[in-house]
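Peer 1: Below is the structure I would like to discuss, written out as structure tokens.
The values are calculated or read from the model by the stated rules, or taken from the named source; none is laboratory data. Bear in mind that the values here come from a model prediction, so they are computed numbers and not experimental data. So basically every Cβ, Gly included, is an ideal-geometry build from the backbone, and we count neighbours across all protein chains shown. Note: accessible area is taken over every heavy atom of the protein model, side chains too, but ligands, DNA and RNA are not part of it. Shrake-Rupley method; radii C 1.70, N 1.55, O 1.52, S 1.80 Å.
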Amino acid sequence: MRNIRVAAAQLGPIQLEESRVRVIERMLDLVAQARAAGAGLIVFPELALTTFFPRWYREDVADFDRFYETQMPGPDTARLFTAAREAGMGLYLGYAELTPEGARYNSSVLVAPDGTVAGKYRKVHLPGHADYDETRDFQHLEKRYFTPGDLGFGVWQMLGGRLGMAICTDRRWPETYRVMGLKGVEMILMGYNTPSHNGLRPAEGPEKRQFHNRLSVQAGAYQNSTWVVAVAKAGREDGHHMIGGTLIVNPDGEIVAEARTEADELVVHDCDLDATAFGKQTMFDFARHRRIEHYGLIASQTGVEKPWGPASS
Ligand code: CDV
């Protein structure tokens, strides 16, 4: 048995004017609760330190520089690193990254229990649009505020297992899980901010959004025989509602723990990494069963190209 007691640390809403220091106080409270629960790993959401600012349009992207981290840990986040280290806990943290070269990424770090950065991820699949879209009820400007990640889907040895990272909409793409699955991943950590409506017509409401959240995470876990920990920032933020539903899914694809609120809430579960072995040695023994001679299109073609060519008039 290789157990990690995981604390999925859902955050309630963070308002536009809420200070980073105030948010970190809330997060420190969750670290203290996780410590009291004996957790070995705490997982925070995507863009955990700020409101989900891509819902707001700014002509000059630099107007939102205050939402980006130029150092990790930085002067404020160092307190989180210290609290996790003192608790002997690993940490996953999602944040907006501004590099010295001026590149902007939607990023996450994996921090070892000794406080060192073990791994870094930059969100690969960026949803939404780059320019103001007047047809939408609200904006989703991730393509304006971030560049697609350039680090791929890493897997790191930590806490006696192989841990991977993804962010939000990555969870809807099977490629995300499969690349990490091919590296033997045993637990995937991901944070999300999912508006409970799509902002388009026809509207997709919170029930369907929650259904797709579970469906994607459960399928990814089962098909790669891995634990998945998916953590929401939830509730009504700047007047816009986001789903909760933080969940921990086992390698059989079953939900073993789920949040009940849309507020700051800890969801704790003991995850035995050895439970990943059965699926990896049977149904999803990739070495025996995959047929890569038929998968070439997945890595060579982006959009749909119909095999029968253009429709005739
Ligand atoms: N932050 C996100 O990536 N949100 C998307 C929205 C656009 C649907 C998500 O997949 O949840």
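Peer 1: Using packing as a proxy for protection, rank 14-24, 158-168, 126-136 so that the peptide with the highest average count of other Cβ atoms within 10 Å comes first.
Peer 2: 158-168, 14-24, 126-136
Peer 1: What order, most packed first, do the peptides 287-293, 267-273, 86-92, 226-232 have when packing is the mean number of other Cβ atoms within 10 Å of each residue?
Peer 2: Listed from highest to lowest mean packing, they are 226-232, 86-92, 267-273, 287-293.
Peer 1: Calculate for the chain the 222 nm mean residue ellipticity that helices alone would give, adding -39,500 (n - 2.57) per DSSP H run of length 4 or more and normalising by residue count, nearest 500 deg cm²/dmol.
Peer 2: -6500 deg cm²/dmol, from helical runs alone.
Peer 1: Could you state the number of Å between the C-alpha centres of segment 222-254 and segment 1-68?
Peer 2: 15
Peer 1: Sequence-distant or interchain residues sharing an amide H contact under 5 Å with residue 10, placed H: which?
Peer 2: 265, 267
Peer 1: Using the structure shown, list the pairs from 123/233; 183/208; 120/183; 143/208; 208/306 with a Cα-Cα distance above 21 Å, or answer none.
Peer 2: Beyond 21 Å: 183/208; 143/208; 208/306.
Peer 1: Please report, largest first and rounded to whole Å, the three semi-axes of the ellipsoid equivalent to segment 10-115, where each semi-axis is the square root of five times an eigenvalue of the C-alpha gyration tensor.
Peer 2: Here the semi-axes work out to 25, 15, 10 Å.
Peer 1: Taking a temperature of 25 °C and a viscosity of 0.890 mPa s, what whole-number D in µm²/s does Stokes-Einstein yield for segment 227-304 with Rh from Kirkwood over alpha carbon pairs?
Peer 2: The estimated diffusion coefficient comes to 155 µm²/s.
Peer 1: From the backbone phi of segment 290-300, what are the Karplus-calculated ³J(HN,Hα) couplings (6.51 cos²θ - 1.76 cosθ + 1.60, θ = phi - 60°) in whole Hz, Gly and Pro given as x?
Peer 2: Whole-Hz 3J(HN,Hα) from phi for segment 290-300: 6, 10, 5, 5, 9, 9, x, 4, 4, 9, 10.
Peer 1: By what distance, in whole Å, do the Cα atoms of the chain stretch along each of the three principal axes, largest value first?
Peer 2: Result for the chain: principal-axis Cα extents of 61, 53, 40 Å.
Peer 1: Could you please put 44, 153 in sequence from largest to smallest accessible area, using a 1.4 Å probe?
Peer 2: Per-residue accessible area, sorted high to low, gives 153, 44.
Peer 1: Give, in nm to one decimal, the length gained when the segment between residue 208 and residue 101 is fully stretched (0.36 nm per residue of separation minus the Cα-Cα distance).
Peer 2: In short, 34.5 nm is gained.
Peer 1: Quick one: Karplus J couplings for segment 261-274, per residue in order, coefficients 6.51, -1.76, 1.60, θ = phi - 60°, nearest Hz, x for Gly and Pro?
Peer 2: These are the phi-based 3J(HN,Hα) values: 10, 10, 10, 4, 7, 9, 10, 10, 8, 7, 10, 8, 5, 5 Hz.
Peer 1: Another one. Skipping prolines and chain starts, which residues have an amide H placed within reach, meaning under 5 Å, of the one on residue 204, given they are 5 or more residues away or on another chain?
Peer 2: Hits under the 5 Å cutoff: 198, 199.
Peer 1: Report, as a whole number in µm² per second, the diffusion coefficient that Stokes-Einstein gives for segment 174-313 at 37 °C and 0.692 mPa s using the Kirkwood radius over alpha carbon pairs.
Peer 2: D, rounded to a whole number, is 191 µm²/s.
Peer 1: Calculate, in nm to one decimal, what residue 157 and residue 241 gain on full extension: separation in residues at 0.36 nm each, minus their alpha carbon distance.
Peer 2: 26.6 nm
Peer 1: Next question, about the same structure. In what sequence, highest mean first, do 203-210, 248-255 appear when ranked by Cβ atoms within 10 angstrom?
Peer 2: Highest mean packing first, the order is 248-255, 203-210.
Peer 1: What does DSSP give for the chain in terms of the percent of beta bridges that are antiparallel, rounded to the nearest 5?
Peer 2: Around 65 percent of the beta bridges assigned by DSSP in the chain are antiparallel ones.
Peer 1: Further question: Got the relative contact order for the chain handy, in percent, Cα pairs under 8 Å and 6 or more residues apart?
Peer 2: 21
Peer 1: What is the set of long-range amide H partners of residue 158 at a cut-off below 5 Å, with H atoms built 1.01 Å from backbone N?
Peer 2: 163
Peer 1: Explain nothing, just compute: Karplus ³J(HN,Hα) = 6.51 cos²θ - 1.76 cosθ + 1.60, θ = phi - 60°, for every residue of segment 43-51 in order, whole Hz, x for Gly and Pro.
Peer 2: 10, 9, x, 5, 6, 6, 9, 9, 4
Peer 1: Can you give me the % of accessible surface on segment 116-175 that is carbon or sulfur? Probe 1.4 Å, all protein chains present, nothing else counted.
Peer 2: Answer for segment 116-175 is 52 percent, counting heavy atoms of protein chains only.
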